[in-house]
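Peer 1: Mind having a look at this structure? Questions to follow.
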Amino acid sequence: MTENTAPGRHDVIIIGAGAAGLYMLHTCRRMGLDAVVLERGDGVGGTWYWNRYPGARCDVESLDYSYSFDEDLQREWRWAEKYATQPEILAYLEHVADRFDLRRDIRLGADVVAADFDEADGAWRVRTTDGRETTATWVVAATGVLSAPKRTRFPGQDDFTGTVLNSARWPAGGHDFTGKRVAVIGTGSTGIQITPLVAQDAAKVFVLQRTPSFSVPAHNRTLTDEEFTAAVARYPERRRAARTTLLGVDTRNPDVSTFDVSEEEVQAAYRKTFDYGGPMKLLTTFNDPIVDKRANDVVAAFLADRIRERVGDPGLAERLIPDHPVGARRLCVDTDYYETLTRDNVELVDLRETPLLGFTPTGVRTSAADHDVDVIVLATGFDAITGPLRGIDPHGRGGASLRGKWDAYPASYLGLMVAGFPNLFTVTGPLSPSVNSNMFVAIEQHVEFIAKLLAHAAERGHTVIEATPEAEERWTAHAAEVAAGTVFPLADSWYNGANIAGKAGAVLPYLGGIGGYQARLDEIAADGFRGFETAGRPAAAPSA
Ligand code: NA7
C-alpha cells in the first residue's frame, strides 16, 4: 500500500498474468505502487498458457516477439527457432515471472467475474469466482485479445460420444491422436497449425473448411549461434526501429506502390518476401495492398498461384483459394498445411458446398455425408479484442455497463480508456494497434503510457483518471476513418466482430500502424495528456 491508499485496498489490480499483466506488474513495482494480479489460469502466460494445441507457434519472429524493457533479459534468452513454439514462449514468460520475482503478487486461479466502480470512493471492487472481493484505485485489464474462445455449440454436440477438444482449452498433457479418426473444424491460423501435426499420427483427418484462409509458409528453422549473436548485438537498434514501423517489427516501411514498378518486378519482389517466409515482409513488400483493392488483387493472385503450386490438384486448389482481400482476414503462416491436404489420410470437406448440420453420436454430419470420427477439434476462434472484457462487464459511472456500451459500438480513447469508466485501463484495447502488430511492442507501448499517465496524476495528487467523451469520440471516429480507407471492411472476420453473432460491426484494431500510433501517444503526453482528465477523490464527473 502506498501513502495515498486506504487500508485494505491496493493501488492497482491487474487482470491477467499474460505478457501484458506481467510487464504491468513489474512496472507498478518500479513505480512503488502496490499491485496485485488476478489470473484465472493455474499458471502465468495468458494466451500462451491456454493455447497448447499441437503446432501452436507465434507468427511473429521470436527475435521480435519478446520484451525490450530489460537489456539483460533480451541478451540471456536464447530463442531456438525463427518462430517460437508455444512451449518456448510459455517458458519465456515463466522465466520473466521468476526473474523479476513477480509471482508473489500474482493470485492464480482467480477468475474475475465482475468489476464495479465505486464513485464515492474512487475505487474499483473486483470480484472473483471464489466470491472474494478485491479493491483498488486503478484496474488494468491485461485480459488479452484472443483469450475469450468463441462459444460454439453445434446441434447434437451433447450426443457425440467421442472426444471434443477446443484448441484454446487444450489438455495440459496433450492428446494422443495415433490411429484416431479426427475432424478439425476451422481453417484459420489455429486449424492451419493443428492439421499438419494431427495428420502425422491420425488414421484419418477431415478438415472442415467454411472459409479458406490465405496462408504463407513460415520457412521456420533453427536460429544459429551466429544469427543470434548478431541479432542481440543490435537489439537496441532493432527495438527502436520496431516502434517506428507499421507492424512493430524491424522491417522497413514500404514506400513503393505496386503500380510504380513493372509486373515482373512486382512478381519478383513478392517471390522474394514469400521465399523469406511469414506474413510481415510479404505484407510490407509494397505500400498499397491494404489500402487499394486493385493492389490487393495483385498479391491475392500471386498467393493463389502459390496455393495452386503447393497443392498440385487444381480442383482442390480452387476450393482453397479465398475470395477475400489478403490481410482483411488474418494472413496465416503455415508449415506444410497445403501439402498435408494432399495426404491420403486427409480430406477437405468444403462446408460452403455441403454445410455442417451438426454432430452425430459418432461424428459430424454435413448436408452430403456423415463422417465418423473419434475426436472433434474445435479451432473455431475467439470473441476477439473486446470479448474478454465483455465477459467481465465492468460497470462504471452511474452503474453503466461496458458490455452495453460496446454492444452499441466498441468506442475507446486510444484503446487505453473508455469514457465513463474512470481508472480502468485496457492494455491493447479496441482501436489500438494490438493484433495488427507485434503484440509485445503494442503491450509495451500501452504499459509505458499508462505508467506515465499514473505518474502525471500522482504529480497533481490526483487519484482519478478518465478519458473525456469528446476525446473518445474523436479517436473512435479517426480509427473508423482509417479503417474505411483499407480493405479490412471488405471481409467478415474476427477483426470486425463478424464471427460473433450480435457483435457490433467495427474494425477493432487501429490500422494507423505502430509507428504512427507511437507518435500520437508521444504528442498527447507532451500536450499534458490531452483527452484524459485527472481529479482528486471523490471523483468528479469530467467536464470534457
Ligand atoms: P479464426 O481465425 O477466427 O478461425 C476460426 C475458424 O473456425 C474459421 O475458419 C471459421 O470459419 C471456423 N468456424 C467458426 N465457427 C464455425 C462454425 N460454427 N462452423 C464451421 N466453421 C466455423 O480463429 P483462429 O483461432 O484460427 O485464429 C485466431 C487468431 O489467433 C489468429 O488469427 C492468430 O492471430 C492467432 P468462418 O471464417 O467463420 O467461416
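Quick note: the coordinates plus some simple rules give every number you see, no bench work behind them. As the structure is a prediction and not an experimental result, all values here were calculated from the model. As a convention, Cβ positions derive from the backbone with ideal geometry for all residues, glycine included, and neighbour counts pool all protein chains shown.
Peer 1: With Cβ to Cβ distances under 11 Å as the rule, what net charge do the other residues near residue 490 carry (K, R +1; D, E -1)?
Peer 2: Spelling it out: positives minus negatives among the neighbours equals 0.
Peer 1: Still on this structure, please answer the following. Magnitude of the Cβ-charge dipole of the range 191-243, K/R +1 and D/E -1, about the Cα centre, nearest 20 debye?
Peer 2: On the way: 8 positive and 5 negative charges, 74 e Å.
Dipole size: approximately 360 debye.
Peer 1: Which of the trypsin sites (Lys or Arg not before Pro) across the range 122-155 are loop residues per DSSP, with 16 or fewer other Cβ within 10 Å? Don't skip to the answer; put the middle values down first.
Peer 2: Numbers: sites: 125, 127, 132, 150, 151, 153; in loops: 132, 150, 151, 153.
Sparse-neighbourhood loop trypsin sites (Lys or Arg not before Pro): 132, 151, 153.
Peer 1: Quick one: Debye curve from the C-alpha atoms of the range 288-414, no solvent, what's log10 I(q)/I(0) at q = 0.19, 0.20 Å⁻¹?
Peer 2: -1.13, -1.17
Peer 1: Can you sort 235, 270, 276 so the residue with the fewest Cβ neighbours within 10 Å comes first?
Peer 2: Ordered by Cβ neighbours within 10 Å, fewest first: 276, 235, 270.
Peer 1: Right, another one. Mind listing P(r) for the range 50-105? All alpha-carbon pairs, 5 Å bins, whole percents.
Peer 2: Histogram of Cα-Cα distances, whole percents per bin: 4, 18, 29, 24, 16, 7, 2.
Peer 1: Something else about it: Estimate the FRET efficiency between residue 527 and residue 318 by the formula 1/(1 + (r/R0)^6), using the beta-carbon distance for r and 56 Å for R0, to the nearest 0.05.
Peer 2: For R0 = 56 Å, the calculated efficiency reads 0.55.
Peer 1: Determine the relative contact order of the chain: mean sequence separation of Cα pairs under 8 Å and six or more apart, normalised by residue count, in whole percent.
Peer 2: Details: 1124 pairs, mean separation 104.7, N = 544.
Averaging sequence separation for qualifying contacts and normalising by length gives 19 percent for the chain.
Peer 1: When the C-alpha atoms of the range 252-357 are aligned to their principal axes, what extent does each axis show, in angstrom, from largest down?
Peer 2: If we take the Cα atoms of the range 252-357, the spans are 46, 26, 21 Å.
Peer 1: Moving to a separate point now. What whole number of Å gives the distance from the Cα centroid of the range 455-472 to the Cα centroid of the range 333-411?
Peer 2: 39
Peer 1: A further question follows. Test of understanding: ordering 85, 222 by Cβ neighbours within 10 Å, fewest first, what list do you get?
Peer 2: Lowest count first: 222, 85.
Peer 1: Follow-up question, since we're still on this one. Would you mind working out the magnitude of the charge dipole of the chain relative to its Cα centre, with +1 at each Lys and Arg C-beta and -1 at each Asp and Glu C-beta, to the nearest 20 Debye?
Peer 2: On the way: 56 positive and 74 negative charges, 140 e Å.
Using only the charged Cβ atoms, the result is roughly 680 debye.
Peer 1: Here's a follow-up. Using only the Cα atoms of the chain, each taken as one equal point scatterer with no solvent, compute I(q) by the Debye sum, divide by I(0), and report log10 of the ratio at q = 0.06, 0.12 Å⁻¹.
Peer 2: Listed by q, the Debye log ratios stand at -0.29, -1.19.
Peer 1: Of all alpha-carbon pairs in the range 150-198, indicate the percentage at a distance above 13 angstrom.
Peer 2: Value for the range 150-198: 66 percent of Cα pairs lie more than 13 Å apart.
Peer 1: Highest mean first, what order results for 524-534, 240-250, 294-304 on Cβ atoms within 10 Å?
Peer 2: For the peptides 524-534, 240-250, 294-304, the packing ranking is 240-250, 294-304, 524-534.
Peer 1: Using helices alone, what [θ] at 222 nm do you get for the chain, with -39,500 (n - 2.57) per DSSP H run of 4 or more residues, divided over all residues and rounded to the nearest 500? Can you show the working numbers first?
Peer 2: On the way: 17 runs with 179 residues, N = 544.
It comes out at -10000 deg cm²/dmol, rounded to the nearest 500.
Peer 1: Cross-link partners among lysines for residue 272, C-alpha distance below 16 Å, same-chain residues fewer than 8 apart left out?
Peer 2: 281
Peer 1: Additional query: To make sure I understand the rule: partners must be lysines, Cα under 18 Å from the Cα of residue 150, and not fewer than 8 residues away in the same chain. Which ones qualify?
Peer 2: Filter leaves 503.
Peer 1: Shifting gears a bit: Which of 456, 10 comes first, and how do the rest follow, when ranked by fewest Cβ neighbours within 10 Å? Walk me through the numbers before you get to the answer.
Peer 2: Values: 456 16, 10 24.
Placing the least packed residue first, the sequence is 456, 10.
Peer 1: Also: I want the local charge near residue 58. Using Cβ-Cβ distances under 12 Å, sum +1 for each Lys or Arg and -1 for each Asp or Glu among the other residues. Please report the intermediate quantities before stating the final value.
Peer 2: Values: positive: 57, 82; negative: 59, 61, 64, 81, 88.
Net charge in that neighbourhood comes out at -3.
Peer 1: Set the Förster distance to 30 Å, then compute FRET efficiency between residue 98 and residue 225 from the Cβ-Cβ distance, nearest 0.05.
Peer 2: Computed FRET efficiency for residue 98 and residue 225 comes out at 0.75.
Peer 1: Å³ per residue of the Cα convex hull, for the range 28-74?
Peer 2: Dividing the Cα hull volume of the range 28-74 by its residue count gives 112 Å³.
Peer 1: Just the Cα atoms of the range 413-541, one point each, no solvent: what log10 I(q)/I(0) does Debye give at q = 0.10, 0.14, 0.16 Å⁻¹?
Peer 2: -0.33, -0.62, -0.79
Peer 1: Another question, then. Find, among the trypsin sites (Lys or Arg not before Pro) in the range 402-491, those assigned to loop by DSSP (not H, G, I, E, B) with at most 12 other beta-carbon atoms within 10 angstrom.
Peer 2: Counting only loop positions with at most 12 other Cβ atoms within 10 Å, the trypsin sites (Lys or Arg not before Pro) in the range 402-491 are 460.
Peer 1: Need one number: convex hull volume per residue for the range 1-144, Cα atoms only, in Å³.
Peer 2: On the way: hull volume 16.0 nm³, N = 144.
Per-residue hull volume (Cα only) is 111 Å³.
Peer 1: Ok, one more. Any idea what Rg and Dmax come out to for the range 391-463 if you just take the C-alpha atoms, in Å?
Peer 2: Values for the range 391-463 (Cα only, Rg and Dmax): 13.2, 36 Å.
Peer 1: Now for a separate question. If you take every residue apart from residue 499 with its C-beta less than 13 Å away from the C-beta of residue 499, what net charge results, scoring Lys and Arg +1 and Asp and Glu -1?
Peer 2: Computed value for this residue: +4.
Peer 1: Another question about this same structure. In debye, nearest 20: dipole of the range 140-192 around its Cα centre with unit charges on the Cβ of K, R (+) and D, E (-)? Intermediate results must be reported in sequence, preceding the final value.
Peer 2: Numbers: 6 positive and 3 negative charges, 22 e Å.
Approximately 100 debye in magnitude.
Peer 1: Next question, about the same structure. Want the number for residue 339 to residue 294: 0.36 nm per residue separation, take away the alpha-carbon distance, what's left?
Peer 2: 13.3 nm
Peer 1: Considering the options 395, 102, 371, tell which one lies farthest towards the positive end of the dipole of the chain, charges being +1 on Lys and Arg and -1 on Asp and Glu at the Cβ, about the Cα centre.
Peer 2: 395
Peer 1: Right, next: I'd like to know which of 424, 300, 208 lies farthest towards the positive end of the charge dipole of the chain, counting +1 on Cβ of Lys and Arg and -1 on Cβ of Asp and Glu.
Peer 2: 424
Peer 1: Here's something else I'd like to know. Hey, if you put +1 on the Cβ of every Lys and Arg and -1 on every Asp and Glu Cβ in the chain, which of 79, 320, 41 ends up farthest toward the positive end of that dipole?
Peer 2: 41
Peer 1: Let me ask you something else. Cα axis of helix 86-99 to longest principal axis of the chain: angle in degrees, 0 to 90, nearest 10?
Peer 2: The helix 86-99 is inclined about 20 degrees to the chain.
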